[in-house]
1. Which of the residues that make up segment 1-49 are modelled with pLDDT under 90 and either β-branched (Val, Ile, Thr) or part of a helix (DSSP H, G or I) (or both)?
2. Could you please find all residues in segment 2-23 being surrounded by 16 or more Cβ atoms within 10 Å (Cβ to Cβ) and not basic (Lys, Arg)?
3. Among the residues of segment 178-201, what is the count of those that are in a loop (DSSP other than H, G, I, E, B) and within 16 Å of ligand 1 (Cβ to nearest atom)?
4. Specify the residue that is nearest to Ile220 (Cα to Cα); the eligible residues are those in segment 254-286 that are of a type in the set (D, E, K, R) and more than 15 Å from ligand 1 (Cβ to nearest atom).
5. Surrounded by 24 or more Cβ atoms within 10 Å (Cβ to Cβ) and either more than 14 Å from ligand 1 (Cβ to nearest atom) or outside the structural domain of Pro205 (by TED's automatic domain parsing) (or both) - does that describe any residue in segment 238-245?
6. Any chance you could count how many residues in segment 75-107 are part of a loop (DSSP other than H, G, I, E, B) and touching a residue at least 12 places away in the same chain (Cβ under 8 Å)?
7. List, please: which pairs have Cβ atoms under 6 Å, are six or more places apart or on different chains, and start with a residue in segment 394-409 that is of a type in the set (D, E, K, R) and end with one that is modelled with pLDDT of 95 or more?
8. Look at segment 233-246 and say how many of its residues are in contact (Cβ under 8 Å) with a residue 60 or more places away in the chain and over 18 Å from Gly109 (Cα atoms).
Amino acid sequence: MSVKKKLGIILFPAYDWEISKTHPERKERLLYTQDQILEEGLGDFENIVFYNPKIASEKALKRVHFIHSKLENIVTKSHLIAAGGAIKCLDLVMRKEVNKAFSITRPPGHHAMRVTYGDRGFCILNNEAIMIEAIRQKYGNLKVAIIDTDCHHGDGTENIYYNDPNTLFISLHQDGRTLYPGTGFLDDLGGPGAYGYNINIPLPPKTGEEGFLMVLEHLILPILADFEPDLIINSAGQDNHYSDPLTMMNFSAHGYAKLTDKLNPDVAVLEGGYSIEGALPYINLGIILALAGLDYSNVVEPDFESEKVSQSVEVTNYLKKLMEEIHYNWKNKEKLALKKFQNKSYITEEKNIYYDTSNIYEKQTITYKKCDYCSGLIKITSKNNRNDKILAITIPLDACRECEKEGENLYHNSAKGDYDNIYLQNRIKDQYLKR
Ligand SMILES: [Zn+2]
Ligand SMILES: [Zn+2]
């Protein structure tokens, strides 16, 4: 049996917020979970403590995002509470007030990228990134591993941390050829400053408990042991459940609990999950019990039938091959980076981004500076079909003096031309400028 741990929970259902009446991210999404928690009497356990969230500050958002409009025009109070709730969770852990924490809030965040114009895949603000950068500002540039167990590829988190060698991002998701947002493939290993530290694990439809736990034990845990993070964060999406209306997986509440137990994250942050009555109450219960070191063996959905969700041999064999390839990439990342970025000082990527909810098309050019002394400067030019045009520059937290200077010069001396605004994130000075 595992040892009991003190668990902090922030539960904020945001019942007054919704995207639209018919949207799957329904305003009652967390109410069944809330009932389940009450029914199970979790508040009576002495090692489980409920906390109130706080509201994220504008500065906390700017450490992560370039927001090219008035804040109140794109985000609601619920968004600020979801981000602020996550910050508070990690802060509780850092202050050692609790051993672990779980932020059960909505809206989710893992599709929100560095530039954010509006709602993409139900997300505007990246709650995990806002949380991590707030904590790094206070405690230094901690090594963090983010394991995203939502069924959709965490493309926003990938984008934000693509060039950060201090943040290992691992996304387990249903293969992008079969599900929104259509990304998250093996070759997307990171920018020149962090090649190999972005790990996508695209799972075939109908992957079950056996597959999830196999990938965790034989691939993710060994990689984490190599990386030796200070913190493990779980983007705890719950839409891999067999009853989820948007996806095609075969995972169960008990499987989620077991995964949480073995992954042993410091903080879990709720992401997606749209089977709000059949899955969420049981998965959340399982995650809570696992995090608190309590017995979760009785967590079973009323309609659970193991034969219906068992995994085929084909899926198992496919996963074994996939794991080999990913393991190879991890072990050989330095060699692969050398080959890919040899003789290049700047690496440029083009990106087309669609905001499904806000109906915005965005075109980005991202330029990574390859530097021998730091992870390097990042420059983004972005325009969209609403006629917004911006230049956005990020000086990363580990920037060397030369890259910091280059970033500041670029900000001050770039011709305004036809940009609406030029933005600078100077993470070293914790300074966020716009001209
Ligand atoms: Zn999802
Ligand atoms: Zn540098």
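1. Val3, Ile19, Thr22, Gly43, listed by residue number.
2. If the condition is that a residue be surrounded by 16 or more Cβ atoms within 10 Å (Cβ to Cβ) and not basic (Lys, Arg), then Leu7, Gly8, Ile9, Ile10, Leu11, Phe12, Pro13, Ala14, Trp17, Glu18 are the ones that fit.
3. Number of matching residues: 7.
4. Checking each candidate, the answer is Lys262.
5. Among the residues of segment 238-245, at least one is surrounded by 24 or more Cβ atoms within 10 Å (Cβ to Cβ) and either more than 14 Å from ligand 1 (Cβ to nearest atom) or outside the structural domain of Pro205 (by TED's automatic domain parsing) (or both), which makes the answer yes.
6. Counting residues in segment 75-107 that are part of a loop (DSSP other than H, G, I, E, B) and touching a residue at least 12 places away in the same chain (Cβ under 8 Å) gives 7.
7. Asp398/Cys374; Asp398/Ser375; Glu404/Ile395; Glu404/Ile428; Glu406/Leu377
8. Final tally of qualifying residues: 4.
The values are calculated or read from the model by the stated rules, or taken from the named source; none is laboratory data. Since we're looking at a predicted model, the values are computed, not measured. Please note: Cβ atoms are built from the backbone with ideal geometry, for glycine as well, and neighbour counts cover all protein chains shown.
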